[in-house]
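What follows is a single structure, written as structure tokens, with notes after it.
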Amino acid sequence: MKVFLKAISYIFHPLFIPVAGTIAYFLITPKYSTITIQSANVLPIFILTVIIPIIFYFILKNLGVVESIFMSSQKERRYPLYIHIILLLFVVYKVIPNTNITELHFYFVGLVIAALTALLSLLFKLKISMHLMGMGSLVMFLTALSIHFEVNITLGLSIFTLLTGMVATSRLYLKAHTRIEVVLGFLVGFLSQLMLVRFWL
């Protein structure tokens with residue numbers, strides 16, 4: 001059981017949430033886009049939000065700033081969050097500006113707001129769950145896309161809701177977070193997307 005739940009924590013690591021939302025958008029949207037346009041968005045987002053953070057993680061680990069990819073202590077989270085926010089802002093302003101793909105643009109703005117909230121919470125000695133923050137963001141974004149494009153993705157939403165529960169169980173079982181940290185993480189991610197829906201829905 002422990003191995004399975006640990007695997008869940010790795011598979012649904014918050015690092016993969018930006019690219020997961022991007023791929024989900026292109027799968028759900030009825031708007032026509034060529035493979036070239038899709039790769040022109042997915043590839044740079046993958047590099048900026050997955051590859052570069054992993055490189056920085058190994059640098060920070062060698063410097064002794066972080067001990068694990070899960071950043072269990074509040075002190076470990078600070079610098080990775082700074083890097084994460086800068087890279088997300090780069091996506092917002094350079095890869096997907098507001099004039100390009102509005103839905104994705106505001107999805108990433110929401111991710112920036114959520115990451116800033118997580119960083120701010122550290123000032124109050126509160127370590128919210130980044131895993132649940134990511135899942136909350138993704139679930140709300142998928143729900144909004146379904147409404148926006150009038151596409152029935154009930155099965156997909158049900159699966160992601162179930163996966164969110166599994167991720168929450170994983171974080172609690174591994175004693176990575178308390179219940180309040182898990183709930184707050186989900187709410188931060190969910191609400192950061194919900195508050196921006198009015199700009200594009």
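The values are calculated or read from the model by the stated rules, or taken from the named source; none is laboratory data. Treat the numbers as computed from the prediction; the structure is a model and nothing was measured. Glycine also receives a Cβ, built like all others from the backbone with ideal geometry; neighbour counts cover every protein chain displayed. Protein only, heavy atoms only, side chains kept; ligands, DNA and RNA dropped before computing areas. Shrake-Rupley method; radii C 1.70, N 1.55, O 1.52, S 1.80 Å.
Structure summary
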read-out	value
Per residue value of the accessible surface for the stretch 1-132 (all protein chains in place, 1.4 Å probe), Å²	53
Assigned charges on the beta-carbon of Lys, Arg, Asp, Glu; the stretch 79-201 dipole about Cα centre (debye)	420
Accessible surface of the stretch 27-80 [probe 1.4 Å, protein heavy atoms]: carbon and sulfur percent	71
The chain: relative contact order as a whole-number percent, Cα under 8 Å and 6+ apart	30
Backbone N within the stretch 161-185 under 18 Å of label point (7 Å from residue 125 Cα along the Cβ vector)	177-181
Nearest 10 degrees, 0 to 90: helix 130-149 Cα axis against the chain principal axis	10
Exceeding the 27 Å Cα-Cα cut-off - candidates 61/94; 6/75; 6/31	61/94; 6/31
Most positive-pole-ward Cα, 152, 106, 3, against dipole of the chain from beta carbon charges	3
Radius of gyration and maximum dimension Dmax of the stretch 82-152, Cα, Å	13.6, 42
Histogram of C-alpha separations across the stretch 107-189, 10 Å bin width, %	19, 45, 29, 7, 0
Simple label model, 7 Å out from Cα along Cβ direction - residue 33 to residue 10, nm	3.0
Cα-centre dipole for the stretch 34-127 with unit charges at Cβ (Lys and Arg positive, Asp and Glu negative), debye to 20	320
Gain upon complete extension [residue 63, residue 2; 0.36 nm per residue less C-alpha separation]	19.0 nm
0 to 90° range, to nearest 10: angle between helix 179-194 axis and the chain longest Cα axis	20
Peptides 27-37, 47-57 ordered by average Cβ neighbours within 10 Å, highest first	47-57, 27-37
For the chain, fraction of C-alpha pairs farther apart than 23 Å, in %	42
0 to 90° range, to nearest 10: angle between helix 35-46 axis and the chain longest Cα axis	20
